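The values are calculated or read from the model by the stated rules, or taken from the named source; none is laboratory data. What you see is a predicted model, and the numbers here were worked out from it, not measured in a lab. Positions of Cβ are generated from backbone atoms using ideal geometry, with glycine treated the same way; all protein chains shown enter the neighbour counts. The accessibility values were calculated without ligands, DNA or RNA, using every heavy atom of the protein model including side chains. Shrake-Rupley method; radii C 1.70, N 1.55, O 1.52, S 1.80 Å.
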Amino acid sequence: MVKKPGHDGADAALYGNRFLTEEAPSTTFPDTGMSPTDTMRLVDEDLALEGDPMRNLATFVTTWMEPQAQRIIAENLHRNFIDHAEYPISAEIERRCVRMLADLFHAPGVTTGCRTQGSSEAIMLGALSLKWKWKERRQAAGLSVDRPNLVFGGDVHVVWEKFCRYFDVEPRIIPLAPDKYTIGPDDVAPFLDENTIGAVAVLGTTFTGHMDDVVGINRLLLDVKRERGLDIPIHVDAASGGFVWPFLYPDSEWDFRLEQVRSINVSGHKYGLVYPGIGWLVFRDETDLAQDLVFYENYLGKTDATFTLNFSTGAAMVLAQYYNFVRLGREGYTYVMRQMKDNAKVLADNLRATGRFEVIGEDAEQLPLVAFRLLDHDSYDESDIAWQLSAERGWMLPAYTLPPNAQDVKILRALVKETMGRGMVDRLTQDIDDACTTLDLKGGAHPAERQQVKSGTGY
Ligand SMILES: *Cc1c(COP(=O)(O)O)cnc(C)c1O
């Protein structure tokens, strides 16, 4: 006789999982455990409601790696990177990556650098080194060290303001303008003085993917050095651009070819094509790393020098970065970057052809992305499009306003990554156009409903 199905533990163990009928633990530490299969299903089912990374056009971060790279990652998740004494090969592979990056960025000689959790950690460390080197210079001259400042544009990532607040440095932020989204020497000059620990230039801004005028800023700082005796270093935030410019624009100078550029950060998990989190900090010269920031300890069995904010962390992404460097080489990275850039060009052309949009700064050197905005803002704006596109197709396409004083400019930005093939570019264009058509109809006929869409409560 067939027993009536019930919800007792035996049935659940045999046919299902208990979270088909129970709520997931979420407020208190669970009294008892559960089977591995139930646990896996619980986590999987929760995540099913999350956005699909393949349709995430907002993030610069890698969402796809080759199966062979995935295997290396999976097989090395148990390796703690900081155990240099126990895992000297992982440490050596980090050194290889740093040397390769120093070569890619045209360091003039032997130098140093390190892996980090991402560009944010690399920037904290790089900027701390700027602060300590400034202190050394000031103290050697018997001058005060209580009012350090750092000069950067409004086009920087939030991490730069974070650094200033966390580490007590005055931020001197150069405002943008309604038609100018990067900075150059004339913008920087008025902000410099003897307490300036450094000037920051961005290679590939988060907002529109363009570069600050690093060549011009370098020229300015050489003049300042000659005329005023102030040796102000540049740190280039190449979080996104550091793996794009060397391959798409190899003749464009932004790196250690420029004398005042003393340190560079880059995110391995952006165009370095590795999963999060891996970043890199590279100095122009060993002497650009303030020695006071290096700590020596021997509790892992061997005296070791560390320059990090974190201690324990996985080695897998370092190994994955090395995999990409040797798997792709300059030729492979160039191929991947060109393919993304070509597809970004097609998307830009398609969007212009709809007659609805203007594309921002596509003739300048730029990351493989399309920044665009509506030509007319009659009945809806860029945020409405982002919302509609997400509702209709699940695309995550961010709409945002630019930093001051360009805060009245709202744009949409689509990253065109390795996984977005030509067919998908055409599909996306069609979906954006369809979303606009829906909004055209709504905007004309149902102003009340439009209000709903705008506040994000529609549908
Ligand atoms: C992404 C980004 C950062 C932060 O980098 P993480 O690797 O996410 O920590 C800093 N600066 C710029 C320009 C960025 O694009």
query = Of the residues His106, His78, which single one is away from the ligand (no atom under 16 Å from the Cβ), in a loop (DSSP other than H, G, I, E, B), at negative phi and at pLDDT 90 or above?
reply = His78
Scope the stretch 251-268; condition within 16 Å of the ligand (Cβ to nearest atom) and not charged (D, E, K, R); matching residues = Trp254, Val261, Ser263, Ile264, Asn265, Val266, Ser267, Gly268
ask   = Of everything in the stretch 196-249 that's open to solvent by less than 10 Å² (accessible area, probe 1.4 Å) and of a type in the set (S, T, N, Q), which residue is nearest to the ligand (Cβ to nearest atom)?
value = Ser240
ask   = Has the stretch 114-124 got at least one residue that is touching a residue at least 12 places away in the same chain (Cβ under 8 Å), over 25 Å from Tyr249 (Cβ atoms), touching a strand residue (DSSP E or B) at 6+ places or on another chain (Cβ under 9 Å) and away from the ligand (no atom under 16 Å from the Cβ)?
value = no
request  = Could you grab me the full set of residues in the stretch 419-434 that are surrounded by fewer than 17 Cβ atoms within 10 Å (Cβ to Cβ) and under 25 Å from the mean Cα position of the chain (by Cα)?
outcome  = Thr419, Gly421, Arg422, Met424
query = Does Val326 satisfy the condition of being exposed (fewer than 15 other Cβ atoms within 10 Å of the Cβ), out of contact with any Cys (no Cβ under 8 Å at 6 or more places or on another chain) and within 25 Å of Glu66 (Cα to Cα)?
reply = yes
task = Check the stretch 363-375 and report whether any residue there is assigned to a loop (DSSP other than H, G, I, E, B) and within 12 Å of Lys410 (Cβ to Cβ).
result = no
Close pairs from the stretch 130-141: first assigned by TED's automatic domain parsing to the domain that holds Phe167 and closer than 24 Å to Val282 by Cα, partner assigned to a helix (DSSP H, G or I) and open to solvent by 50 Å² or more (accessible area, probe 1.4 Å), Cβ under 6 Å, at least 6 apart = Trp132/Asp292
task = Taking the residues in the stretch 81-103 that are under 18 Å from Ser312 (Cα atoms) and assigned to a helix (DSSP H, G or I) as candidates, determine which candidate is nearest to the ligand (Cβ to nearest atom).
result = Glu94
task = Report yes if Leu77 is assigned by TED's automatic domain parsing to the domain that holds Gln260, farther than 30 Å from Phe207 by Cβ, of a type outside the set (Asp, Glu) and in contact with a helix residue (DSSP H, G or I) (Cβ under 8 Å, 6 or more places away or on another chain), otherwise no.
result = yes
message = Restricting to the stretch 269-295, and then to whatever is aliphatic (A, V, I, L, M) and more than 16 Å from the ligand (Cβ to nearest atom), can you tell me which residue is nearest to Val215 (Cα to Cα)?
response = Leu289
request  = Consider Tyr299 carefully, then state whether it is outside the structural domain of Ile123 (by TED's automatic domain parsing) and open to solvent by 40 Å² or more (accessible area, probe 1.4 Å).
outcome  = no
ask   = Just wondering, is there one or more residues in the stretch 323-341 that are in contact (Cβ under 8 Å) with a residue 24 or more places away in the chain, among the basic types (Lys, Arg), away from the ligand (no atom under 16 Å from the Cβ) and in a loop (DSSP other than H, G, I, E, B)?
value = no
message = For the stretch 146-162, which positions are within 15 Å of the ligand (Cβ to nearest atom), surrounded by 13 or more Cβ atoms within 10 Å (Cβ to Cβ) and in a loop (DSSP other than H, G, I, E, B)?
response = Gly154, Asp155, Val156, His157
inquiry  = Quick check on the stretch 163-183: of everything there that is part of a strand (DSSP E or B) and out of contact with any helix residue (DSSP H, G or I) (no Cβ under 8 Å at 6 or more places or on another chain), which residue is least open to solvent (accessible area, probe 1.4 Å)?
reply    = Ala177
remark   = Taking the stretch 371-387 and keeping only residues that are aromatic (Phe, Trp, Tyr) and either open to solvent by 30 Å² or more (accessible area, probe 1.4 Å) or assigned by TED's automatic domain parsing to the domain that holds Thr205 (or both), one is left with Trp387
key: Exclusive hit being open to solvent by 10 Å² or more (accessible area, probe 1.4 Å), modelled with pLDDT of 95 or more and of a type in the set (Asp, Glu), set Glu66, Glu86   = Glu66
query = So which residues in the stretch 329-361 are open to solvent by 40 Å² or more (accessible area, probe 1.4 Å) and of a type in the set (A, V, I, L, M, F, W, C), if there are any at all?
reply = Ala353
key: Residue check, Glu358 part of a strand (DSSP E or B) and either at pLDDT below 95 or outside the structural domain of Leu273 (by TED's automatic domain parsing) (or both)   = yes
